[in-house]
């Protein structure tokens, strides 16, 4: 089986899995973040945390598969490099929003910033340009 044959069936599957898990991950993060801001306990309970990790592992696998299939390199494809840096920013902001920030106000700001970061990452992926929706 040639690489082209593998790409022809694996790419749509990996892309679908990536988009589905991005939606699930961001949706669950937004729900958990809102719950934390409302003082609810369920967002930090083991079930919610494990579900988040489960989804994120599949997201990582799908993203890695796309990366391998398309043979993009973050140093050669600037849009991917920017997206990966923003992923790290999103992880830090998410951690602050859910747990690490000391005040509710900072948690709320971090939640909004994390969701804005994801929106910008999506625009970068769609435009395949490091400036995303600001691309010329």
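Among 80, 15, which comes first, second and so on when ranked by fewest other beta-carbon atoms within 10 Å?
Lowest to highest Cβ neighbour count: 15, 80.
Based on other C-beta atoms within 10 Å, arrange 4, 21 from fewest to most.
So the residues, fewest neighbours to most, are 4, 21.
I need the fraction of alpha carbon pairs in segment 1-71 separated by more than 14 Å, rounded to a whole percent.
Percentage above 14 Å: 63.
For the chain, state what percent of all Cα-Cα pairs lands in each successive 5 Å bin, counting from 0 Å until the bin that includes the largest distance.
The calculated distribution, bin by bin, is 2, 10, 17, 20, 18, 14, 9, 6, 3, 1, 0, 0.
Which angle from 0 to 90°, rounded to the nearest 10, does the C-alpha axis of helix 104-127 make with the longest principal axis of the chain?
10 degrees
Quick one: compute the contact order of segment 45-136, relative version, from alpha carbon pairs under 8 angstrom and 6+ residues apart, as a percent.
24 percent
To test your reading of the geometry: what angle, between 0 and 90 degrees and rounded to tens, separates the Cα axis of helix 78-95 from the longest principal axis of the chain?
Approximately 20 degrees, to the nearest 10.
What is the fewest-to-most order of 129, 18 by other Cβ atoms lying within 10 Å of their Cβ?
129, 18
Every number in this text was worked out from the coordinates using simple rules, so none of it is lab data. None of these values were measured; they are calculated from a predicted model. Virtual Cβ from ideal backbone geometry, glycine too; neighbours counted across all protein chains shown.
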